[in-house]
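Notes follow the structure.
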């Protein structure tokens, strides 16, 4: 009986242990299922959170990209406007500089033209005046030399010979003034290429030491190389002083 009682106790204990073990297994299984469900929930929550973070990050990146594009567009527009302003100012500066250069060129051209005209006019000028510084004896038919040169523009007059040679063709005016010595009568002619054109007369026959003077002028058409001089047509002497009284002049008009 005792053995049976003990066996019964052992059997009851084992059954109890098995029951407890099964209950513990069920609890563990339930806990495992709960934990697994929790893991799934956490995984889903993490996925959802990742999606939210990803979406937010994407939106932030998209906004940042949009802002960057707008900034680049604004900078491009600002650069374009600045380039237009700089280009406009540069164009105005170049336009003003070009205008100034044109005005300078025009002024220089005008100045050069005026200077050329002055030089040309200067080279075209022909004029002379010569005289004698004292009394002199001359013979009829001789050329009167006027050694005192007051002006000789163009270099046409030769004070050594008293002959003027036209350096260029044109219309000339010649003037001669002859002061007779004392009571001597003096005739002086203006000669062109050997031919007398006009004549002066200083009449000394009206009284002793009358010192009469005669003047005349001639407008002559000369060719380059033509010669003109003053000739004693009749008489023997003329009178003059330190400041010439007896003179010979000519000029191109």
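The values are calculated or read from the model by the stated rules, or taken from the named source; none is laboratory data. Note that the structure is a prediction, hence the values are computed from the model and not measured. Counting neighbours? That spans all protein chains shown, and the Cβs are built from the backbone with ideal geometry, glycine included.
What are the residues in segment 222-247 that are outside any loop (DSSP other than H, G, I, E, B), modelled with pLDDT under 95 and surrounded by 21 or more Cβ atoms within 10 Å (Cβ to Cβ), if any?
Correct list: 238 only.
Does segment 211-221 hold any residues that are buried (at least 17 other Cβ atoms within 10 Å of the Cβ) and in a loop (DSSP other than H, G, I, E, B), and which are they?
Matches in segment 211-221: 212 only.
Considering segment 176-201 alone, what residues qualify as being at pLDDT below 95 and either part of a loop (DSSP other than H, G, I, E, B) or under 12 Å from residue 218 (Cβ atoms) (or both)?
181, 182, 183, 184, 185
Looking at 155, 160, which one is surrounded by fewer than 19 Cβ atoms within 10 Å (Cβ to Cβ) and at positive phi?
Of the residues listed, the single one that is surrounded by fewer than 19 Cβ atoms within 10 Å (Cβ to Cβ) and at positive phi is 155.
With respect to residue 133, is the statement that it is outside any strand (DSSP E or B), at pLDDT below 95, surrounded by 10 or more Cβ atoms within 10 Å (Cβ to Cβ) and in contact with a strand residue (DSSP E or B) (Cβ under 6 Å, 6 or more places away or on another chain) true?
yes
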